[in-house]
Amino acid sequence: MHKARIGRWAKAKPRKPKKNESSWDYFANQYGSITWILDGAADEGLAMFYCGNVTGGGWSCLEVDSDSDYSLDDQVEATGNEELADLFVFHGGWHQDRSWAFDQRVSSPTGEHAVIPFSDSLQKLPKPVKPERIVPFGLWLYKRVVALTKVAEKNLRELS
């Protein structure tokens with residue numbers, strides 16, 4: 001099911017970012033996706049969801065996909081809120097309210113977009129973030145991975 005995504009990172013070599021390349025663009029160009037699959041007691045206390053938001057894809061706490069094909073058309077139509085079309089959903093878990101999206105209404109001077117929580121029941125966007133206050137995707141991802149790792153490592157230590 002996820003054959004094109006599995007292991008792509010293993011062949012990627014870190015490189016210096018290109019001029020005016022946002023951290024999201026760097027991630028998308030170098031790695032494309034990241035999916036962290038855990039199960040059993042190792043995932044205790046983590047907000048888990050099915051990868052690809054379907055049964056059988058794996059149980060995940062982190063799923064970032066630069067080729068996300070999440071369609072907002074039905075949500076825009078159901079809510080009548082055209083601003084929702086300005087989102088790019090890049091993180092799985094939307095059916096469990098554990099997803100994330102870029103709010104593309106505003107960008108930082110370096111081309112970054114604000115990361116906001118997303119669910120398929122979202123009806124209204126939060127107030128736009130000022131460009132100078134937007135946290136780069138790379139920093140957001142780093143903080144998220146560190147927080148998830150602390151929980152998973154604690155769980156794994158308790159299993160041994």
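Each part reduced to its alpha carbon centroid, region 79-96 and region 108-160 end up 15 Å apart. Evaluated at q = 0.11, 0.13 Å⁻¹, a Debye calculation over the C-alpha positions of the chain (equal weights, vacuum) places log10 I(q)/I(0) at -0.48, -0.68. Charged neighbours of residue 21, selected by a Cβ distance under 11 Å, balance to +2 (K, R count +1; D, E count -1). Helical runs assigned H by DSSP (4 residues or longer) give the chain a calculated mean residue ellipticity at 222 nm of -8000 deg cm²/dmol, each run adding -39500 (n - 2.57) before division by the residue total. Sorting 34, 134 by solvent-accessible area of protein heavy atoms yields 34, 134, largest first, with a 1.4 Å probe. Is the shape of region 89-160 best called rounded, prolate or oblate, per the rule: a/c under 1.5 gives rounded, else a/b larger than b/c gives prolate, else oblate, with a ≥ b ≥ c the square roots of the Cα gyration tensor eigenvalues? Oblate shape, in that a/c is at least 1.5 and b/c is the bigger or equal ratio.
Pairs over the 32 Å Cα-Cα cut-off, from the set 18/124; 11/143; 124/154: 18/124; 124/154.
For region 64-160, applying the loop criterion from DSSP together with a ceiling of 16 other beta carbons within 10 Å to the trypsin sites (Lys or Arg not before Pro) yields 124. Computed with a 1.4 Å probe over protein heavy atoms only, the accessible surface of the chain comes to 61 Å² per residue.
Solvent-accessible area of region 23-159 (1.4 angstrom probe, protein heavy atoms only): carbon and sulfur portion equals 52 percent. Relative to the current alpha-carbon distance between residue 29 and residue 135, full extension at 0.36 nm per residue lengthens the span by 36.2 nm. Pairwise inverse Cα distances across region 43-133, averaged and inverted, put the Kirkwood hydrodynamic radius at 13.9 Å.
In the chain, Cα pairs under 8 Å separated by at least six residues give a relative contact order of 21 percent.
The values are calculated or read from the model by the stated rules, or taken from the named source; none is laboratory data. Predicted model only: the values in this text are computed from it and were never measured. Reconstructed Cβ throughout: ideal geometry from the backbone, glycine too, with neighbour counts over all protein chains shown. These accessible areas exclude ligands, DNA and RNA; they are computed on the full protein's heavy atoms, side chains included. Shrake-Rupley method; radii C 1.70, N 1.55, O 1.52, S 1.80 Å.
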